[in-house]
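> Here you go, one structure.
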Amino acid sequence: NTPIIMVGPGTGIAQFRAFLQESDSREEQGKNWLFFGKPHFTQDFLYQVEIQGYLKSVLLSKVDVAFSRDQAEKLYVPYKLINNSKEIFEWLEA
């Protein structure tokens, strides 16, 4: 029941994907938030359908993605963390 924040800043999300798969198989509930970043949405969002399924099933409460090369101004996971700092703090406090 502890809120989980998973941060994958370009290094991959295999460990988070495995955690979600295990949680799903155990029908666990709780708040899970994934931050994920890679260069390109179309080439690098390999588990998009699976992640969307977890969002739909409410196993995954929130997802924030940052694809750094898909727009003129680069966007990285740390920017997403800063922009969500108040809510992140609330999750950590819980």
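> Each residue of the range 60-67 in turn: what ³J(HN,Hα) in whole Hz from Karplus with 6.51, -1.76, 1.60 and θ = phi - 60°, glycine and Pro shown as x?
Coupling constants for the range 60-67: 9, 6, 8, 9, 10, 10, 9, 10 Hz.
> Same structure, new question: Assuming R0 = 22 Å, what is the FRET efficiency of Asp70 and Glu22, from their Cβ-Cβ distance, to the nearest 0.05?
My answer for the efficiency is 0.10.
> Thr2: accessible area at probe 1.4 Å, nearest 10 Å²?
100
> What are the ³J(HN,Hα) couplings of the range 28-37, residue after residue, when phi is run through the Karplus curve with 6.51, -1.76, 1.60 and θ = phi - 60°? Round to Hz, x for glycine and proline.
Karplus values, whole Hz, x for Gly and Pro: 6, 10, x, 8, 10, 10, 10, 10, 9, x.
> With every protein chain kept in the model, how would you rank Phe35, Phe89, Phe19 by accessible area, 1.4 Å probe, largest at the top?
Result, largest first: Phe89, Phe19, Phe35.
> For a quick check: with amide H placed at 1.01 Å from N, whose amide H comes under 5 Å from Asn32's, ignoring anything fewer than 5 positions away on the same chain?
Ile4, Ser61, Lys62
> Right, next: Write down the accessible area per residue of the chain in Å², having rolled a 1.4 Å probe over the full set of protein chains.
65
> Could you state the angle between the C-alpha long axis of helix 14-25 and the longest principal axis of the C-alpha atoms of the chain, as a value from 0 to 90 degrees rounded to the nearest 10?
Once rounded, one gets 30 degrees.
> Let me ask something else. What's the FRET efficiency of Ser57 with Ile5 using the Cβ-Cβ distance as r and R₀ = 25 Å, to the nearest 0.05?
0.85
The values are calculated or read from the model by the stated rules, or taken from the named source; none is laboratory data. Note that this is a predicted model, so its numbers are computed, not measured. Quick reminder, even Gly has a Cβ in these numbers, built from the backbone with ideal geometry, and neighbours come from all protein chains shown. The protein model used for the area step is the full one, side chains on, heavy atoms only, and it has no ligands, DNA or RNA in it. Shrake-Rupley method; radii C 1.70, N 1.55, O 1.52, S 1.80 Å.
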